[in-house]
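Below: the structure, in structure tokens.
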Amino acid sequence: IDPAMLGQTWFMADGMVLSNMTMGMATAMRGREDFSFRWDYGYDEHHTENEYDFEWAHYFSPNLSSFLGYRLTDDMEAEDRFFGGVRYRLPYMIETEATVDSEGDFRFGIGRELQLTPRLSLCGHAQYDTNTAWEFAGGTSFLLNKQFSLTAAWNTDHGFGAGLSFRF
């Protein structure tokens, strides 16, 4: 890492707003530290389900980071809790994450985005939580410009939806 870059603060946000859910992240980065807010808010005609994470992460290398945070949720099977874990990027840009929370529940996630053409990409994600079991998601995105994409996605918790992804 360039030492001149370590003293600068960077901000970024990315997310998606679909017909069945919205999810994303906003981050402030400085040196090897990140301060993030993540959200996952699903809705349908019967109920809503949301989860909000406030997180601090430290990078040991471009591929390895650890994090601590607090999760707010309205899930009937869970409650608000502290959590900590590690993220590691495997070869072929496969993202992995392992988390344990203050109630003793574990989460493990693995995901990948695959760029098919300069404008079209596919993504997939699987997550196992000892509290809520398996969750799978997959989708496709068509890049409109640097900030926006048309997106269609399916999620085991929220079903199929289509909408707009953003990056800033």
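The values are calculated or read from the model by the stated rules, or taken from the named source; none is laboratory data. Owing to the predicted nature of the structure, the values given are computational and were not obtained by experimental measurement. Positions of Cβ are backbone-derived with ideal geometry, glycine not excepted, and every protein chain shown enters the neighbour counts. For the accessible areas, the whole protein counts, side chains as well, though only heavy atoms, and no ligand, DNA or RNA atoms are used. Shrake-Rupley method; radii C 1.70, N 1.55, O 1.52, S 1.80 Å.
A few comments on the model shown:
- Enumeration of residues in the range 89-119 that are over 17 Å from Ser65 (Cα atoms), of a type in the set (Phe, Trp, Tyr) and under 17 Å from the mean Cα position of the chain (by Cα): Phe106
- Count of the range 131-154 residues which are within 29 Å of Gly85 (Cα to Cα) and either open to solvent by 70 Å² or more (accessible area, probe 1.4 Å) or aliphatic (A, V, I, L, M) (or both): 6
- Among the residues of the range 110-151, those that are over 28 Å from Thr99 (Cβ atoms) and either in contact with a strand residue (DSSP E or B) (Cβ under 7 Å, 6 or more places away or on another chain) or touching a residue at least 12 places away in the same chain (Cβ under 8 Å) (or both) comprise Leu116, Pro118, Arg119, Leu120, Phe142, Leu143, Leu144, Lys146, Gln147, Phe148, Leu150.
- Being polar (S, T, N, Q), under 24 Å from Met16 (Cα atoms) and touching a residue at least 40 places away in the same chain (Cβ under 8 Å) is a property that Thr99 lacks.
- Here Tyr41 meets each of (1) of a type in the set (Phe, Trp, Tyr); (2) exposed (fewer than 15 other Cβ atoms within 10 Å of the Cβ); (3) closer than 26 Å to Trp10 by Cα with one exception, condition (2).
Yes/no per residue for (1) hydroxyl-bearing (Ser, Thr, Tyr); (2) within 24 Å of Ala162 (Cα to Cα); (3) open to solvent by 80 Å² or more (accessible area, probe 1.4 Å):
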{"position": "Thr22", "(1), (2), (3)": "yes, yes, no"}
{"position": "Ala28", "(1), (2), (3)": "no, no, no"}
{"position": "Gly31", "(1), (2), (3)": "no, no, no"}
{"position": "Glu51", "(1), (2), (3)": "no, yes, no"}
{"position": "Ser66", "(1), (2), (3)": "yes, no, no"}
{"position": "Tyr70", "(1), (2), (3)": "yes, no, no"}
{"position": "Asp75", "(1), (2), (3)": "no, yes, no"}
{"position": "Ile94", "(1), (2), (3)": "no, no, no"}
{"position": "Thr99", "(1), (2), (3)": "yes, no, no"}
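- Test: residue in the range 60-71 that is farther than 18 Å from Gly109 by Cβ, modelled with pLDDT of 95 or more and touching a strand residue (DSSP E or B) at 6+ places or on another chain (Cβ under 6 Å): yes
- Matching residues in the range 33-49 - criterion: being under 19 Å from Ser165 (Cα atoms) and in contact with a His (Cβ under 7 Å, 6 or more places away or on another chain): Gly42
- Considered as a group, the residues in the range 133-165 that are in contact with a Phe, Trp or Tyr (Cβ under 7 Å, 6 or more places away or on another chain) and over 21 Å from Arg119 (Cα atoms) include one that is modelled with the lowest pLDDT, and that residue is Thr156.
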